[in-house]
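*Asks:* Let me give you the structure first, and then I'll get to my questions.
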Amino acid sequence: EARIIDGRSAAAALCEDLKPRVAGFRARHGHAPGLAVILVGSDPASAIYVRRKGEQCRAIGIASTQHTLPAETSEQDVLDLVARLNDSAEVHGILVQLPLPPHIDTRRVLAAVSPAKDVDGFHVTNAGWLAIGKPTLAPCTPWGCIRLLRALGVPLRGKRALVVGRSVIVGRPMAQLLLIEDCTVTIAHRHSENLADLCREADILVVAVGIPGLIRGDWIKPGAVVIDVGINRLPPDDATPKGRIVGDVVFDEASAVARAITPVPGGVGPMTIACLLENTLRAAEMIAGD
Ligand code: NAD
């Protein structure tokens, strides 16, 4: 039976570590590290994420401001807000909640965020630093996965790692971070042939696709570590009228074979927010020259 990787307690422990560092920053500089979150439109899931990020900031002493703009806001108005936040001395981290409405060019908005304040790590400058093996502010979800892997204490150097999914937000930066951990990294995606066979070779399997139950138990190498990033809501049934949340891996099958596995929910998700807080503190420290 696999060890269940408890992302909630790992995230809580990281937040406890951050608290005194946040307090130290405030003592040195007379103000708290500040995160500004931009939300355009009223997507309910985005609104929940943004609210949670604000609550968690406050819980560890980071000042968080939320800028909620109507869905019909022009791209120029969003760019103007980003420019103001880039210039604000109280703001050290800027997070643009995705997805943006279709009339706004997401790439242009993300490119406008100062790389020094890019706590999501999506700016091409920070993606570039990561790609040359010198991460600055790394994307929160894959960075959280690395933290979970390191906390397990299993050796990563020289191990075969497979990342399923190549998104800019998760898969690609995940592969880069595993490379920095000296893994032998393979990236699979929607066009990959023989996904099952690729999975069977992986000592470390990270799945970020968004298809419930894509990865079956007999695809997993016995003793592998499985990190399931997927978050999928199943159709409602009698027991769960809102629909159950599951990952991309068939958990019951996989946990019979793997050495360790993240549950969904309660695995990667909580770590993502904790790493956002860590990035905000680090951005503040770097901007202040600490
Ligand atoms: P995405 O849609 O941008 O990318 C999905 C990737 O999966 C693509 O690269 C695609 O090539 C690949 N893919 C699609 N079908 C495939 C198949 N049949 N076989 C192999 N690869 C296939 O998604 P994303 O933003 O990377 O998110 C992936 C999942 O992770 C989603 O379920 C999302 O909700 C979840 N997610 C979770 C967190 C978290 O904090 N836990 C954060 C971000 C995303």
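*Asks:* Which of the numbered conditions does Val225 fail, given that it passes all the others? Conditions: (1) crowded, with 18+ Cβ neighbours inside 10 Å; (2) without any contact (Cβ under 8 Å) to a residue 60 or more places away in the chain; (3) away from the ligand (no atom under 16 Å from the Cβ).
*Replies:* Val225 satisfies every listed condition except (2).
*Asks:* Within the group Gly34, Gly24, which residue is of a type in the set (Gly, Ala, Ser) and closer than 23 Å to Val82 by Cβ? First the steps, then the outcome.
*Replies:* Numbers: Gly24 fails: closer than 23 Å to Val82 by Cβ.
Going through Gly34, Gly24 in turn, just one is of a type in the set (Gly, Ala, Ser) and closer than 23 Å to Val82 by Cβ: Gly34.
*Asks:* Any residue in region 146-154 that is of a type in the set (D, E, K, R) and within 9 Å of the ligand (Cβ to nearest atom)?
*Replies:* Within region 146-154 (the criterion being of a type in the set (D, E, K, R) and within 9 Å of the ligand (Cβ to nearest atom)), the answer is no, since none of the residues qualifies.
*Asks:* Filter region 3-22 down to the residues that are out of contact with any Gly (no Cβ under 6 Å at 6 or more places or on another chain) and among the small types (Gly, Ala, Ser), then identify the one that is farthest from Gly267 (Cα to Cα).
*Replies:* It comes out as Ala13.
*Asks:* While we're looking at this one, here's another question. Checking the structure you have, find out if any residue of region 178-194 is touching a Leu at 6+ places or on another chain (Cβ under 6 Å), under 19 Å from Met271 (Cα atoms), among the polar types (S, T, N, Q) and more than 9 Å from the ligand (Cβ to nearest atom).
*Replies:* no
*Asks:* Would you mind listing the helices (runs of 4 or more DSSP H) fully within region 172-290 where at least 2 residues are under 14 Å from Leu149 (Cα atoms)? Spell out the reasoning first.
*Replies:* Working: elements: 195-200, 251-255, 268-288.
Result: 268-288.
*Asks:* Pull up region 127-154, narrow it to residues that are in contact with a strand residue (DSSP E or B) (Cβ under 9 Å, 6 or more places away or on another chain) and under 18 Å from Arg3 (Cβ atoms), then point me to the one that is surrounded by the fewest Cβ atoms within 10 Å (Cβ to Cβ).
*Replies:* The qualifying residue surrounded by the fewest Cβ atoms within 10 Å (Cβ to Cβ) is Val154.
*Asks:* Can you name every residue in region 111-147 that is in a helix (DSSP H, G or I), small (Gly, Ala, Ser) and without any contact (Cβ under 8 Å) to a residue 40 or more places away in the chain? If you could, list the steps in order and put the result at the bottom.
*Replies:* First, pick out the residues of region 111-147 that are in a helix (DSSP H, G or I): 111-112, 115-117, 124-131, 140-147.
Then keep just the ones that are small (Gly, Ala, Ser); that gives 111-112, 116, 127-128, 131, 144.
Residues satisfying the conditions are Ala111, Ala112, Gly128.
Only the coordinates and a few stated rules stand behind these numbers; no lab work does. In this text the structure is predicted, and so the values were computed from the model without any measurement. Please note: Cβ atoms are built from the backbone with ideal geometry, for glycine as well, and neighbour counts cover all protein chains shown.
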